[in-house]
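The values are calculated or read from the model by the stated rules, or taken from the named source; none is laboratory data. If you're wondering where the values come from, they're calculated on a predicted model, not measured in any experiment. FYI the Cβ positions are ideal-geometry reconstructions off the backbone, even for glycines, and counts take in every protein chain you see. In case anyone asks, the SASA skips ligands and DNA or RNA and just uses the protein heavy atoms, side chains included. Shrake-Rupley method; radii C 1.70, N 1.55, O 1.52, S 1.80 Å.
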Amino acid sequence: MSENQMNGAEALIQSLEKIGIEIMFGLPGGSAIPLFDALYKVRRKMKFVLVRHEQNAAHEADGYARATGKPAAVLVTSGPGATNTVTGIMTAYMDSVPMIVVTGQSVRGMLGKDAFQEADVFNLTMPIVKHSYLVKNANDIPRVVKEAYHIATTGRPGPVLIDVPKDVGTEACTAGLEAEMNLPGYKPEPKGYAPETIRQIADALAKSQRPVIIAGHGAVLSRAEKELRQLAETLQAPVATTLLGKGVFPDSHKLSLQGLGMHGTAYANRAVVECDLMISVGARLDDRILGVPSQFCKNAVKIHIDIDAAEFGKLVKPDIRCRGDAKTVLQDLLPLLKKGDTADWIKRIDGFKKKWPMTYAKKGGLHPPQVIDALNKLTGGKAIMTTDVGQHQMWAWQFYRCDKPWQFISSGGAGTMGFGLPAAIGAQFGRPGETVIAIVGDGGFQMTMSDLATAVIHQLPVKIILMNNHYLGMVRQWQDMFYDERYSGVDLEGNPDFVELAKAYGILGLNLKRAADIPKVLKKALDHPGPALVNVEVVHHEEVFPMVPPGKPLEETVLCHPRRKPGRPAGRKNDPAKSGAKKG
Amino acid sequence: MSKENSTHNLSIYVANRPGALARIAQTFSRRGFNIESLVVSAGATGDFSRMTITAKGDEAGLEQIIMQCSKLVDVLACREHTDEEVVARELALVKVAVDSHQRGEVLQIADHFRAKTVDLSEKSIVLEATGSSEKLDAMVDLLRKYKIIELVRTGKVIMARGERET
């Protein structure tokens, strides 16, 4: 090979840089050595971050994308390296996050022969990628990278996987980096609607007296926050946001209902129950916000705006479906709208807000919502917040107030525990000057905490707020409420001393055990220039409310434990925490 | 046949890329649709394939499958066709065990269905029949009176009538 001739691996790295990938998270292995060699030789601007587990690489790329709107790349080896990314890819896929995952692969001649570290990653990941490639020829690489980026970032975004056999990486690539895409079947269609559809929507909105807007991740991804606000203010319609839509409409706005669904606010759920029209802007209307799908808004006109036509009628049959990019649709719609007269409706909703305000317990130990609320005050709601999955996630969603999108980063569709820390690392890389807080539980944190090392090496000032209740709390809540307190497999005995663990990594570790210390300890962590971990010893038994019990419609949102009055400590029947010696 | 479990004809026009068939098959299996027949062949131009799939399942599920197939990056079009809209054909090869006494009767059945004899031996006969799937069903049913040694059918292929696209 002559000196100025590239091999496939070099073409891949250069193509990723050329297309605009700024950061890559990964971990090498045998089949990926040519790719890492190319990183060494030809990388110019793209940052490379070595992780401690490949799942974290995918979550870090995910957090980066959700904080910046720009995709990152993941680079791992074949076999276990690739399969370790599967959870991360699925997490990104479920939440429509753009990502390019490059996996090393056995040499072409060994494919399908059970070679060392060979896994059929192309097929393994097929249901959880937007698209994927197994590259058979080095000359295809520039085109594949260009297509992968285009597919990942347009239409409904998602992860794209590129599987690169080792000998494709080492063979000469003579194609040059300029490549034409060849995607005859790909049709993202940001304007896949007729002008007539916009007219229909405007007519329906004009007739509505009790409209409700539901805004989801699609509104965030299309950067439709300005248009969404205009829509709400023109119609004088209240807005509920999904978990992933948080911030796309300001939580502090008087028309905001905050979140809806299983752990949404009681007033959001009530508004959805009583509305005569529901317009969904970039929400896929999934089972966690619907209650019982067939009962959802059953007497209301349902308008569904989504870039992905496959979302129409998946669970809720819309009266008007409008396929398109949220921003584009709203820009076409807004000129047709007249100022809504909904004073009675808004008054009624304000009544709901007074009747069922979002409150939390303050006595009898330390309560997670208190900590979230304090973070809210200390950061002015301006910090980027990532979460794991479980009770703390729902409390963070309920009690953190943010007025901007791209700020609340959480695994919604996949519900991936362990997402919080690596997502915070990715987000901090993307927005280095800003405060990034990871709200995690003691369960999820232990799944991915190996990447504390990454935070230390890069001196990322992420703040890890660990809500330590020594339980897998959300499952325990369900066992408590719906399984007659039969606690099974939820006791996290054997938790390490997280403060000592943080110190072992060279991270500031702090304990928070008394409510009176909340501002002081949190401030110390926030003011620390490097990474910090706060182990918050919260009450062991606490449930997230409001809650729509599984299998119930939104009408049946409950505000407190059906067998206990609010404020009273939870039951201790069958409590394994009592039977053994336990830290706490 | 109930509406919940009726048979549907789908035609999918797809870029001829590795994995395209697997992606489409997965879309069906994930929603619990059982594919009854699947024919993949070259399209009118070389880079594209035409898939004809017949599958059983409910209407709502089918609508989802069509939309999910349509959004696959390699798929150019995915449409459902009713029997009235299309010309539908299938080919069957049937190997029947026959002795010299039965041969005449089998040939009579073959003649009725315009099947051709494509192989003949002392103890067996292979018939080739083309037509609608229902016609082939009827022929095979009659031949079951004899011993069918082997049966292979191509599965249904369809083409839209007139100017319409399949």
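Give a residue-ordered list of calculated ³J(HN,Hα) values for the stretch B:52-57 (Karplus: 6.51 cos²θ - 1.76 cosθ + 1.60, θ = phi - 60°; whole Hz; x for Gly, Pro).
10, 10, 10, 8, 9, x
Between the helical axis of B:20-30 and the dominant principal axis of chain B, each derived from Cα atoms, what acute angle in degrees is found, rounded to the nearest 10?
90
What are the equivalent ellipsoid semi-axes of the stretch A:456-548, built from the alpha-carbon gyration tensor (square roots of five times its eigenvalues), in whole angstrom, biggest first?
Equivalent ellipsoid semi-axes, largest first: 30, 15, 11 Å.
Calculate the FRET efficiency for residue A:453 and residue A:334 from the Cβ-Cβ distance with a Förster distance of 45 Å, rounded to the nearest 0.05.
Step by step, r from the Cβ atoms, then E = 0.40.
Compute the length gained on full extension between residue A:315 and residue A:116: take 0.36 nm times their separation in residues and subtract their Cα-Cα distance, giving the result in nm to one decimal.
Taking 0.36 nm per residue and subtracting the Cα distance, the gain is 67.3 nm.
Taking 7 Å along the Cα-to-C-beta vector as the label spot, tell me the residue B:117-residue A:180 distance in nanometres, rounded to one decimal.
5.6
Under the classification rounded if a/c is under 1.5, otherwise prolate if a/b is larger than b/c and oblate if not, where does the stretch A:185-311 fall, given a ≥ b ≥ c as square roots of the Cα gyration tensor eigenvalues?
rounded
Using a 10 Å cut-off on Cβ to Cβ distances, tally the other chain neighbours for every residue of A:218-228 and report the average as a whole number.
Other-chain Cβ atoms within 10 Å of each residue's Cβ, averaged: 0.
For the pairing of chain B with chain A, what total accessible surface becomes buried, with a 1.4 angstrom probe, in square angstrom to the nearest 100?
1700
At 0.36 nm per residue, and after removing the present C-alpha to C-alpha distance, how many nm does the segment from residue A:493 to residue A:223 gain when stretched out fully?
Taking residue A:493 through residue A:223 to full extension adds about 92.8 nm, to one decimal.
Quick check of the Kirkwood formula: for the protein assembly as shown, what is the inverse mean of 1/r over all pairs of different Cα atoms, in Å?
28.6
Can you give me the orientation-averaged projected area of the convex hull built on the Cα atoms of the stretch A:1-144, in nm²?
8.3
Please give the average number of partner chain Cβ atoms lying within 10 Å of the Cβ of each residue in A:183-190, rounded to a whole number.
Mean partner shielding for this stretch: 5.
Using only the alpha-carbon atoms, how far is helix B:59-70 inclined from the longest principal axis of chain B? Give it as 0 to 90 degrees, nearest 10.
Approximately 70 degrees, to the nearest ten.
Rounded if a/c is under 1.5, else prolate if a/b is larger than b/c, else oblate: which is the stretch A:78-133, with a ≥ b ≥ c the root eigenvalues of its Cα gyration tensor?
It is prolate, given that a/c is not under 1.5 and a/b is the larger ratio.
Loop-only trypsin sites (Lys or Arg not before Pro) in the stretch A:306-386, please: DSSP not H, G, I, E or B, and at most 11 other Cβ atoms within 10 Å.
Answer in residue order: A:338, A:339, A:363.
Pairing the Cα long axis of helix B:133-143 with the longest principal axis of chain B, what angle in degrees results, from 0 to 90 and rounded to the nearest 10?
Orientation of helix B:133-143: about 30 degrees from the principal axis.
Relative contact order (percent) for chain A, with alpha-carbon contacts under 8 angstrom and 6 or more residues of separation?
Relative contact order here is 13 percent.
What is the packing order of peptides A:53-59, A:426-432, taking the mean over residues of other C-beta atoms within 10 Å and listing the highest first?
Packing proxy ranking, top to bottom: A:53-59, A:426-432.
Given only helices, namely DSSP H runs of n ≥ 4 each adding -39500 (n - 2.57), what is the per-residue ellipticity at 222 nm of chain B, to the nearest 500 deg cm²/dmol?
That calculation yields -8500 deg cm²/dmol at 222 nm.
Just order A:269-276, A:207-214, B:77-84 by mean Cβ neighbour count inside 10 Å, highest at the front, would you?
Packing order, densest peptide first, comes out as A:269-276, A:207-214, B:77-84.
Skipping prolines and chain starts, which residues have an amide H placed within reach, meaning under 5 Å, of the one on residue A:385, given they are 5 or more residues away or on another chain?
A:408, A:409, A:437
What is the percent carbon and sulfur in the accessible area of the protein assembly as shown, measuring with a 1.4 Å probe over the protein chains and ignoring ligands?
51
Compute, for residue A:474, the solvent-accessible surface of its heavy atoms (probe 1.4 Å) with the complete set of protein chains present, and express it in square angstrom to the nearest 10.
Rounded to the nearest 10, the figure is 40 Å².
Under 1.5 on a/c is rounded, so check that first for the stretch A:200-254, then, if it is not, pick prolate when a/b is larger than b/c and oblate when it is not; a ≥ b ≥ c are the square roots of the alpha carbon gyration tensor eigenvalues.
prolate
Rounded to whole Hz and in sequence order, give me ³J(HN,Hα) for the stretch A:156-162 from the Karplus expression 6.51 cos²θ - 1.76 cosθ + 1.60, θ = phi - 60°, writing x for Gly and Pro.
Going residue by residue, I get 7, x, x, x, 10, 9, 10 Hz, with x marking Gly and Pro.
Going by average Cβ density within 10 Å per residue, which order do the peptides A:146-159, A:184-197 take, highest to lowest?
A:146-159, A:184-197
Express the Stokes-Einstein translational diffusion coefficient of chain B in µm² s⁻¹, to the nearest whole number, given a Kirkwood radius over alpha-carbon pairs, 4 °C and a viscosity of 1.567 mPa s.
74
Across every pair of different alpha-carbon atoms, what Kirkwood hydrodynamic radius in Å does the stretch A:433-505 reach?
13.9
Which one, B:61, B:101, B:22, is farthest towards the positive end of the dipole of the stretch B:1-152 when Lys and Arg carry +1 and Asp and Glu -1 on their Cβ?
B:22
Express the accessible area of the protein assembly as shown per residue in Å², computed with a 1.4 Å probe while the remaining protein chains stay in the model.
Per residue, the protein assembly as shown has 42 Å² of solvent-accessible surface.
Give the average, rounded to an integer, of partner chain Cβ atoms located within 10 angstrom of each Cβ in B:25-32.
Partner Cβ neighbours, averaged per residue: 1.
Would you compute, from DSSP H runs of 4+ residues alone, the mean residue ellipticity of chain A at 222 nm, taking -39500 (n - 2.57) per run and dividing by the full residue count, rounded to the nearest 500?
After summing the helix terms and dividing by the residues of chain A, the value is -10000 deg cm²/dmol.
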